[in-house]
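First the structure, in the form of structure tokens, and then the observations on it.
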Amino acid sequence: MLNLHLCSKGKYACAKDIVDFLAVPENWEQLEIQQPISLSTAHCWMKQMGWKWKQEVKGQYVDGHKCEDVVTYCQNIFLPAWHHLQPQMWSWKVNSGEDNIIIEDTTEPQPSTYCYTVVWFHDKSTFYANDQQKL
């Protein structure tokens with residue numbers, strides 16, 4: 001009965017669901033308990049019933065770059081698309097001297113009605129910046 005209740009909660013079932021379920025005195029009789037249980041007891045019960053905790057993966061999957069389907073996608077779709085867009089992208093060249101750094105715009109001049117493609121890069125720290133925030 002308890003396992004069925006947890007399954008009805010879906011993949012986000014937690015120990016608090018057991019505590020809430022057993023807060024109703026009618027449910028005590030079926031489990032032969034005399035009073036509601038604590039959250040730590042609910043954790044133990046879930047472990048005994050085979051439930052496991054794991055942290056939900058958020059955002060982009062960063063591994064698997066050598067998998068056959070990923071390599072095929074990269075070689076046959078992503079890189080040709082990038083090559084096709086490259087003439088439309090802004091580009092810069094960095095010249096560093098002894099005391100200064102000069103950044104030159106090396107983009108080919110285009111008509112004023114031309115639309116450029118701007119590519120933004122970020123590292124993991126940018127991508128995962130908001131992962132630990134509570135809503």
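Below is a table of values for the structure above.
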item: Ranked by how many other beta carbons lie within 10 Å on average, peptides 9-19, 31-41 from highest; result: 9-19, 31-41
item: Length released on extending from Cys7 to Gln88, taking residue separation times 0.36 nm less the Cα-Cα span; result: 23.9 nm
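Only the coordinates and a few stated rules stand behind these numbers; no lab work does. Computed from a predicted structure; not experimentally measured. Here the Cβ is made from the backbone with ideal geometry for all residues, glycine too, and neighbour counts use every protein chain on show.
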